[in-house]
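Read through the structure below, which is laid out as structure tokens, and then see the notes.
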Amino acid sequence: MAATPPRRARDEAALAAGPWCWPPADILGLESERSADEDNPPTPRPGHVAAVTVRGRTTTLWHLHLAPHRAARSTVLGADARASWRSAGIALPRSLPVLWRSVHEATQEMPVIQRLRTSIDAPGFEERDAVVDGPSFGLAFFLLLASSVLDCAVPGDVIASAAIDAYGRLHGVDGLRQKLEGVRALAPGVSRVVVSADQAHEAERHAGGTLEVIGATSAAEALERVFGPRLSTLLVDAGSDPARRAELTSGFFRLALVGRGAAIDWSPVARGADQALRTWTELGPDERYQLEFARAVAARHESNEGDLPLPDAAWLRGRPRMVRVQVLSHLVQQCADTGRPGATEVEALASHEVHGDPYEAFLPQLRLHGALCRLWALTGRADRALADNERLTRAALAVFAPADASFPLSEWLRLAAALGDVQAFERAGAAREEALTHGGFGEHGGPYVDLAWARGRLLFSADDARARAVVDRLSADASLPAHVRWSACRWAGAPQRWRLWHDAGHAPLARRYQVLAALDAALASGDTVADSLVDELERLDPGPVGHLRRHGAGAADVARLYPY
Amino acid sequence: MSILPFGDLAALGLAPEMIGPVEHLQLPTPDVDQALGISQPDVTFVLSSRVAMNARDAQPLAEGASDALVDARSDVLRAIGVDLRLDRAEGALQLEWAADTDVRVRDVRPDRPLPAAADGYVRLTLRQVGRFLVESPAGVPLVLGVLEDDTLALAAVSAWPAPPLDHWTGPMTDEWLQSTVARALPGADAWTRTALAGAIARLAAVAPSSHAPGASSAGTPDDGGAHALLRRVSASPATIGPRSWARGLDPGALASIEEHARRRAIALEHDLDHLLAVFPAEATEARAAWTRVCHRRDDLEGVRLLLLEAGAGDGLDEALRDTDRAGRSLRLSLNVAVDDERLRRVALGDPGAWWGDPAYEVRLL
């Protein structure tokens, strides 16, 4: 039997691996050639993706997949690539909150990576290391895992090139131009490329008109863009199985309980829970409330919206204490941020679970207390909120890790400055310094504390260069939650503040901070437009502003006490 | 720098002007495994048209084992339809080709006998210094390779007498063509000179002043182009000289030229197929990329004319059919404006040529 010539064998191997190396059917009359050959690209398979790397002048297209029992030969991954794989595994449940089957199982083995094709941009030999390393496989790993646990193939016209961290945030990669040129040269079947949002403009410059660039800030957003409505379909289908439905409902609820940091992008959670409520027809009361709870909390995290009814008293009593306390914390925060449920009813329920001595409280109880402080600050009791936040911070720093103190400390700093209490602000600043020497507040809490500290300093002295540098940095960090970035823009220098005007038209959250920045300017100049700006702010964010106004806050009070 | 001393070239029956620009490929440095002390076999060339061979035991490579082979890019080999790869573990180079660009490879060191041909592959073992010649199955020399130290040098071999371009350009009044030839001439090998001869035969004109170098974009299709076209049909020393030269070539030289041209046509077809996917987005780069492929096609057209003049060229015509199909398809998919006197003249002379300046083609069609 005649062996296949090596060049043809190599081409056939690349074509058999997936659809990426196949030319699009609509160019150069290839459609008719294909028909003649009775040969078509393989259908994309779950758990298989393509990715691209650059090493010197060499660009390589890879096939990444999960092979059972290490059946396939694989190139060895280096330390950075392994770290990316771990980050992708951690980020997946945060980004795809309720649909995973077993991320743990999927991440037990390193993925198999196999070389498909290379291109070399000048005469010479391919530059190849014994191991493949670097962070640029991150999003590809993530899509591979998502595809595997969802049993849903990544579309064959998609390739990803972005780094990922454990929070699911996407970051830029080196050599983007060469990578995109490599994709165009090596993978003609690929027509869409997902990159980090902060590299989207650069990518478009190098896309050559043949690649559609998808910029995403988070892995969750990338999932939405790549899988589209198929995620919703999977969710609807899952509801027909009672056991799976109960598992998913519980997953939604647990995720909502954990807090804002549990997911980078809450809009898929809100949409998923809403879709489950609309399409799962056999929900019991318990399942229904858990989904309503998840939908409302997700909407609050996303945009200070979401309607959360008070739970049935029996239902609440039936929860374990720590779950009950967490549910109440969310109810209080829901009240503070959206205005619903009513403050009186929520406080009545929550006050029973607040521990009188913060040093004796469990962490969820401290959080509930902190949530109440936030509500008090909006409902005419800012002094009490300031005093209690100081106590909560000191207790959290004494008993727990500094990261657990980030929320009450942020509020301590913010309220001290808003109320003009210099001594309280200095004490808070000292507590911050001390906590920083003990390990800091972590990636999630750190930006909140930094923002509260910097805006407080700027309220006391608008010329504080150190504080200005902090808000400038925060305003430019695309990996931070949007409300942190936009709030930082409000306090930042003119170039950063200009972004609010630039983006307000298409980013509703930016519009809020644009109005706040305009309000600051109006108050500084004594412009009478301030009241109408507060009206506009209340229209945009009725929860907090409504609380403040109902409790007698004027325009200047709203500007000082607006919570973000 | 020559790929070999003149004396060594002469011993191979080659003149310096038959050797094209030399391409140097630095062999990769040893990887971690090698640093750990795995012994290396003698450096070996594995040359195969049918199977990928393991250099050490001459067994076909297992499926998937091709990952051990490192790709290489050699524009010199690619121009004749041959791929180059390296098996680092075995210390072997592997040349691969498709059926329509079949080659044979022979060791050209004087103290080495020609290797025995096996079924589908040939193996040459080279120690320290290696020289090899890639030829067509009919024995037309195509590429000379020299492995010295850690560098592989490759050069196209155009083994026919170079045309006397100086004799034809001296009396020419076409300033553009004169300067074009003058720029390309230093160090040009026989292939380049032959392509230039074809260009002189096809594109020479008594150019009006508006078509002086650098002024081509100022003119319009009607303000002299048609006159130039009419004048070009008249015989002149420039148009007659290359044709006469071609008619005087012996069959071996004609076969060599045609074999080179045929392979370059096939390589151009592959590059055209590839170009749509990788076509630059930026206008200047796009124009440059398109102009490059158009010039390559026009080189072939010039050579084709000379071959036809000598009663040869059927093989080239056959290869160009696929090339031109790819070129026309690509042309229809792209909208690239060029600013190139050569392509303007192409369009004036042959309005149907896909590689001509689109602006002039439209007017004349």
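Residue-level check: of (1) surrounded by fewer than 16 Cβ atoms within 10 Å (Cβ to Cβ); (2) at negative phi; (3) of a type outside the set (Asp, Glu), residue A:249 misses just (1). Comparison of A:271, A:278, A:245, A:254 shows that the only residue that is in a helix (DSSP H, G or I), under 30 Å from residue A:161 (Cα atoms) and out of contact with any strand residue (DSSP E or B) (no Cβ under 6 Å at 6 or more places or on another chain) is A:271. Taking the stated definitions as given, is residue A:504 of a type outside the set (Val, Ile, Thr), free of Cβ contacts under 8 Å to residues at least 24 places away in the same chain and surrounded by 18 or more Cβ atoms within 10 Å (Cβ to Cβ)? When the stated conditions are applied, residue A:504 passes them.
If the condition is being free of Cβ contacts under 8 Å to residues at least 24 places away in the same chain and away from chain B (no Cβ under 12 Å), then region A:198-210 contributes A:200, A:201.
In this structure, does residue A:485 turn out to be over 22 Å from residue A:367 (Cα atoms) and touching a helix residue (DSSP H, G or I) at 6+ places or on another chain (Cβ under 8 Å)? Yes. A single member of A:119, A:147, A:136 is buried (at least 18 other Cβ atoms within 10 Å of the Cβ), within 14 Å of chain B (Cβ to nearest Cβ) and among the polar types (S, T, N, Q), and it is A:119.
Total residues in region B:229-278 satisfying the condition of being in contact with a helix residue (DSSP H, G or I) (Cβ under 8 Å, 6 or more places away or on another chain), under 30 Å from residue A:157 (Cα atoms) and at pLDDT 75 or above: the figure is 9.
For residue B:132, the conditions (1) under 24 Å from residue A:126 (Cβ atoms); (2) away from every other protein chain (no Cβ under 13 Å); (3) touching a Lys or Arg at 6+ places or on another chain (Cβ under 7 Å); (4) modelled with pLDDT under 75 are fulfilled apart from (4). The residues in region B:65-101 that are part of a loop (DSSP other than H, G, I, E, B) and modelled with pLDDT under 85 can be counted, and the count is 5. Taking the listed residues A:213, A:195, the one that is buried (at least 24 other Cβ atoms within 10 Å of the Cβ), free of Cβ contacts under 8 Å to residues at least 40 places away in the same chain, more than 10 Å from chain B (Cβ to nearest Cβ) and under 29 Å from residue B:284 (Cα atoms) is A:195, with no other qualifying. Checking A:115, A:101 one by one, the residue that is in a strand (DSSP E or B) and modelled with pLDDT under 90 is A:115 and no other. Take residue A:109 and decide whether it is more than 18 Å from residue A:203 (Cβ to Cβ), surrounded by fewer than 20 Cβ atoms within 10 Å (Cβ to Cβ) and more than 25 Å from the chain's Cα centre (by Cα). Yes: the conditions hold for residue A:109.
Suppose the filter is buried (at least 18 other Cβ atoms within 10 Å of the Cβ), in a helix (DSSP H, G or I) and modelled with pLDDT of 90 or more; does residue A:183 pass it?
Here the answer is yes, as residue A:183 does meet what is asked.
Per the listing A:420, A:456, A:429, A:440, the residue uniquely at pLDDT 95 or above and on the phi > 0 side of the Ramachandran plot is A:420.
Can you say whether residue A:459 is more than 28 Å from residue A:262 (Cβ to Cβ), surrounded by 14 or more Cβ atoms within 10 Å (Cβ to Cβ) and touching a residue at least 40 places away in the same chain (Cβ under 8 Å), as far as the supplied structure shows? Criteria met by residue A:459. Residues considered: A:154, A:190, A:173. Of these, the only one that is within 19 Å of residue B:275 (Cα to Cα) and in a loop (DSSP other than H, G, I, E, B) is A:190.
So, residue A:162, is that one of a type outside the set (Val, Ile, Thr), closer than 18 Å to residue A:54 by Cα and away from chain B (no Cβ under 14 Å) or not? In short, yes.
Of the residues A:60, A:53, A:4, only one is at pLDDT 85 or above and within 11 Å of chain B (Cβ to nearest Cβ); which? If you could, list the steps in order and put the result at the bottom.
On the way: A:53 fails: within 11 Å of chain B (Cβ to nearest Cβ); A:4 fails: at pLDDT 85 or above.
The unique qualifying residue is A:60.
Each residue in region B:280-308 was checked for being more than 21 Å from the chain's Cα centre (by Cα) and crowded, with 18+ Cβ neighbours inside 10 Å, and 2 of them qualify.
Condition first: of a type outside the set (Gly, Ala, Ser) and in a helix (DSSP H, G or I). Now tell me which residues in region A:302-317 satisfy that. Answer for region A:302-317, where residues must be of a type outside the set (Gly, Ala, Ser) and in a helix (DSSP H, G or I): A:302, A:315, A:316, A:317.
Restricting attention to region B:309-339, report how many residues are under 21 Å from residue B:275 (Cα atoms) and either within 21 Å of the chain's Cα centre (by Cα) or of a type in the set (A, V, I, L, M, F, W, C) (or both). Residues that pass the stated criteria total 16.
Scoring residue A:341 on the criteria (1) in a helix (DSSP H, G or I); (2) closer than 18 Å to residue A:542 by Cα leaves a single failure, condition (1).
The values are calculated or read from the model by the stated rules, or taken from the named source; none is laboratory data. Please read these numbers as outputs of a predicted model, since none were measured by experiment. Reconstructed Cβ throughout: ideal geometry from the backbone, glycine too, with neighbour counts over all protein chains shown.
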